[in-house]
Amino acid sequence: MSVTKYSERFFALGFVVIVVLFAGCAVALIAFSGIELWRAVQPGTMLTLTKRFDVILDCIAMLTIAMAAMELAQTIVEEEFEHDSKLGASARARRVLSRFLVVVIVSLAIESLVAIFKLLHEDPARISDAAFIAFAAAALLVAWGVFIRLSHQGQARGD
């Protein structure tokens, strides 16, 4: 067997491990979120309404990260094991980057909302910290749009 075949198998095994770990982390976060949600809504628990709200916001944050981990695992599987040979290298790179950025931008937007709600109750003076997260998500969205536009223009010109 050639060195190329060994390296392909080595990297494929590495991607399998990464996908399994991403999925495992996502499942663990989903389970933790479910446990915390049960704690927040359980009538016998002596929690204030504000504390229940904070626990539910923590659940949303955990689920957001779980969603990102699952999406990244799915993207790796589709890109590394289900090759779409019809797409060129630039189109594949644009698709992978776009899928990744969607997850990051949505996650940042959700996290900024969670942070805003939490900081409104805990420390309103730090609300600007949460706003910076929202501005980062907006900046990434604008940069992604510019990237897509420029890459489509480059592809139309044949670059």
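Do you know which residues across segment 43-57 are part of a helix (DSSP H, G or I) and either open to solvent by less than 80 Å² (accessible area, probe 1.4 Å) or modelled with pLDDT of 95 or more (or both)?
Result: Thr50, Arg52, Phe53, Asp54, Val55, Ile56, Leu57.
For segment 118-138, name all the residues that are closer than 13 Å to Leu57 by Cα and open to solvent by less than 60 Å² (accessible area, probe 1.4 Å).
Lys118, Leu119
Please list, ordered by first then second residue, the pairs with beta carbon atoms under 6 Å, 6 or more apart or interchain, first in segment 23-36 and under 8 Å from Ala66 (Cα atoms) and at pLDDT 95 or above, second among the β-branched types (Val, Ile, Thr) and in a helix (DSSP H, G or I).
Once the first residue is under 8 Å from Ala66 (Cα atoms) and at pLDDT 95 or above and sits in segment 23-36, its partners that are among the β-branched types (Val, Ile, Thr) and in a helix (DSSP H, G or I) give Leu29/Ile65.
Within the set of pairs 6+ apart or on separate chains, which have a first residue in segment 1-20 that is under 18 Å from Ala73 (Cα atoms), a second that is open to solvent by 80 Å² or more (accessible area, probe 1.4 Å), and C-beta atoms under 8 Å apart?
What qualifies is Ala12/Phe81; Phe15/Phe81.
Would you point out which residue out of Ser98, Ser33 is within 30 Å of Leu150 (Cβ to Cβ), polar (S, T, N, Q) and either open to solvent by less than 60 Å² (accessible area, probe 1.4 Å) or over 15 Å from the mean Cα position of the chain (by Cα) (or both)? Before the answer, list the steps.
Details: Ser33 fails: within 30 Å of Leu150 (Cβ to Cβ).
The match here is Ser98.
Being crowded, with 17+ Cβ neighbours inside 10 Å, in contact (Cβ under 8 Å) with a residue 12 or more places away in the chain and over 21 Å from the mean Cα position of the chain (by Cα) narrows it down to one residue among Ala109, Ala40, Ala115, Ala68; which is it? Show your work before the answer.
On the way: Ala109 fails: over 21 Å from the mean Cα position of the chain (by Cα); Ala115 fails: over 21 Å from the mean Cα position of the chain (by Cα); Ala68 fails: over 21 Å from the mean Cα position of the chain (by Cα).
The unique qualifying residue is Ala40.
The values are calculated or read from the model by the stated rules, or taken from the named source; none is laboratory data. On a predicted model such as this, the values are computed, not experimentally measured, just so you know. Counting neighbours? That spans all protein chains shown, and the Cβs are built from the backbone with ideal geometry, glycine included. Please note that ligands, DNA and RNA were not included when accessible areas were found on the heavy atoms of the full protein model with its side chains. Shrake-Rupley method; radii C 1.70, N 1.55, O 1.52, S 1.80 Å.
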